[in-house]
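Below: one structure, written as structure tokens.
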Amino acid sequence: MSETTRQSTVRDRLLAAAVEKLEASGPEALQARPLAADIGASTMAVYTHFGGMPQLLDEVTREGFARFDAELARVPRSDDTIADLLALGIAYRQFALDNPQLYRLMFGLTTPGTRRAKERDLTTEGSPTSVSEGISAFNHLVDAVTRAAESGRIQAEDPVAVAGQIWSAAHGYVLLEITGVFGHEGHGLVRTLQPLIINLLVGLGDTREGIEASLATVFDAGGAARRRSPERR
């Protein structure tokens with residue numbers, strides 16, 4: 001193994017260990033010495049490969065957005081643009097539920113996360129972050145909104161602004177669900193999130209009947225997500 005490959009491997013292992021420890025034990029567990037010990041390295045490895053814990057936390061955040069982006073990219077497209085938008089929301093919610101600590105860190109909602117200064121003003125700059133992986137993840141929503149508008153299902157003269165509205169609804173619900181406000185049986189999905197999204201989409205110009213028909217292609221009668229067919233463009 002070359003020295004370059006070995007150094008890259010140590011860096012990747014530190015990053016993976018940090019993500020794993022974050023999810024298992026929370027942000028307080030992210031400390032240089034135990035992280036290095038987890039992979040059999042000295043504490044100096046954190047400083048050699050990242051410059052310090054603040055920079056490592058930045059990379060954990062970036063890794064979180066990269067994984068988030070990959071999950072959203074897997075959502076297939078169909079001829080029903082509203083169903084596709086809803087399916088994107090399902091993937092969003094599931095990522096947050098599967099990775100609650102990482103999700104909090106990504107959006108600056110933990111103690112380490114409060115040091116992040118990479119946010120942008122979505123209303124004036126068209127993007128919520130300067131992290132490229134975060135921009136890519138957000139753009140999946142913008143693209144879905146654009147397609148829904150082009151298909152005539154909703155009105156969205158400014159797809160970024162509409163994406164911001166939908167994101168605000170989903171993000172707020174997900175944070176409450178993570179904290180247990182809606183229990184842990186998924187009932188909030190049917191009783192709270194679905195009606196919220198229906199009302200929002202009706203306000204954007206779609207019909208309640210049309211939205212409910214699209215919902216039926218995405219959720220079964222019990223509120224569980226259906227497996228969707230392969231991508232069609």
Give the accessible surface of the stretch 60-206 per residue, rounded to a whole number of Å², with probe radius 1.4 Å and ligands, DNA and RNA excluded. 45
Place +1 on the Cβ of every Lys and Arg and -1 on the Cβ of every Asp and Glu in the stretch 5-50, take the dipole about the Cα centre, and give the residue among H49, L35, S25 whose Cα lies farthest towards its positive end. H49
So what is the calculated 222 nm ellipticity per residue for the chain, using -39500 (n - 2.57) for each DSSP H run with n of 4 or more, over all residues, to the nearest 500 deg cm²/dmol? -20000 deg cm²/dmol
Using alpha carbons only, how many degrees (0 to 90, rounded to 10) separate the axis of helix 132-150 from the longest principal axis of the chain? 10
The farthest towards the positive end of the charge dipole of the chain, of the residues V160, A66, G126, given +1 on Cβ of Lys and Arg and -1 on Cβ of Asp and Glu, is A66
For the stretch 147-227, which whole-number percentage of the solvent-accessible area (1.4 Å probe, protein heavy atoms only) is attributable to carbon and sulfur atoms? 53
Quick one: putting +1 on the C-beta of Lys and Arg, -1 on the C-beta of Asp and Glu, what dipole do you get for the chain around its Cα centre, in Debye to the nearest 20? 400
Per residue of the stretch 70-80, in order, report the coupling 6.51 cos²θ - 1.76 cosθ + 1.60 (Karplus, θ = phi - 60°) as ³J(HN,Hα) in whole Hz, putting x for Gly and Pro. 5, 5, 5, 5, 7, 5, x, 9, 9, 7, 9
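The values are calculated or read from the model by the stated rules, or taken from the named source; none is laboratory data. Predicted, not measured: the structure shown is a model, and the values here were computed from it. Methodologically, a virtual Cβ is constructed for each residue, glycine included, from the backbone with ideal geometry; neighbour enumeration extends over all protein chains shown. Each accessible area value is taken on the protein alone, full model and side chains, heavy atoms only, with ligands, DNA and RNA left out. Shrake-Rupley method; radii C 1.70, N 1.55, O 1.52, S 1.80 Å.
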